[in-house]
1. Is at least one residue of the stretch 98-116 of a type in the set (Lys, Arg), within 27 Å of residue 174 (Cβ to Cβ) and crowded, with 17+ Cβ neighbours inside 10 Å?
2. Against the condition at pLDDT 90 or above and either in contact with a Lys or Arg (Cβ under 8 Å, 6 or more places away or on another chain) or within 21 Å of residue 131 (Cα to Cα) (or both), how does residue 73 come out, does it pass?
3. Name every residue in the stretch 122-149 that is surrounded by fewer than 19 Cβ atoms within 10 Å (Cβ to Cβ), charged (D, E, K, R) and modelled with pLDDT under 95, in order of residue number.
4. May I ask you to list the residues in the stretch 165-184 that are of a type in the set (Ser, Thr, Tyr) and modelled with pLDDT of 90 or more?
5. Quick check on residue 71: is it over 22 Å from residue 141 (Cβ atoms), in contact with a strand residue (DSSP E or B) (Cβ under 7 Å, 6 or more places away or on another chain), among the small types (Gly, Ala, Ser) and surrounded by 15 or more Cβ atoms within 10 Å (Cβ to Cβ)?
6. Collect the residues in the stretch 88-126 that are in contact with a Pro (Cβ under 9 Å, 6 or more places away or on another chain) and under 30 Å from residue 155 (Cα atoms), keeping them in residue-number order.
Amino acid sequence: MALIQGKVRIIGGHWRSRLLTFPDRPDLRPTPDRIRETVFNWLGQDLSGLSCLDLFAGSGALGFEAASRGAERVVMVEADAKIYRALCENKESLQAMQVEPVMMNALNFMNSDVRRFDVVFLDPPYRLELLPELLLLLPSHLEKNGRVYTETRGVWIPDKPWNIKRSAKAGTVYYQLLELKPNG
C-alpha cells in the first residue's frame, strides 16, 4: 500500500510558496492557510530573534512558517517516526538550520527540556484532550511576555493563569493566542 503524501504551502516570509510534504496520518491536520495568516498577523510578520516551540509539529506548517519569518530557533517535537522523518526532509530541503526536529512524546519533552520559548504552538490531536495538562507545564517554558497558540475543535476556555489575548473561529476550528496573566 503506497503512503499518501500531504502537501501544505508556506504562506509568508523567506520560503513563501515553498511546499512542505508529509505522510497521511489519522491525527495529522495541518493548520489551514487562512488560520495561519491570522495567527501570524497576531504574532507579527517578523519573528526575528524569537525562539519557537511547535509541540505537536505534524506537517510542520506552523514551525516552518515561523522559521520562514525569521525565528532564530524553532524546535519541532513529533512522536511519530514517519512524520519526524518528513520534518527532517523538509528541514533539509529548505536548508532550515534554525529548525531542530525532536522525535519525542510532547509530555516527555515538556518534563525533560528546560529551554524557554517566546512562542509555543500547541495543537495536539483533539481526541487526546491534552491542553489543560500541557498548559500547566508551559509557564516554566515561556520567556517573559511569551505567547501560546492553541487550536481546538470546540470552544475552550483556559484555566488560570492564562489570558486570552486574541481568538477566532474558522469552520469547526477555534484558535486563540494566550499569554500568562501578570503574577500568574
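1. no
2. The answer is no for residue 73.
3. 127, 129, 133, 144
4. Matches in the stretch 165-184: 167, 174, 175.
5. Numbers: over 22 Å from residue 141 (Cβ atoms): no; in contact with a strand residue (DSSP E or B) (Cβ under 7 Å, 6 or more places away or on another chain): yes; among the small types (Gly, Ala, Ser): yes; surrounded by 15 or more Cβ atoms within 10 Å (Cβ to Cβ): yes.
No: the conditions fail for residue 71.
6. 106, 125
The values are calculated or read from the model by the stated rules, or taken from the named source; none is laboratory data. None of the values given here were measured: they were computed from a predicted structure. Please note: Cβ atoms are built from the backbone with ideal geometry, for glycine as well, and neighbour counts cover all protein chains shown.
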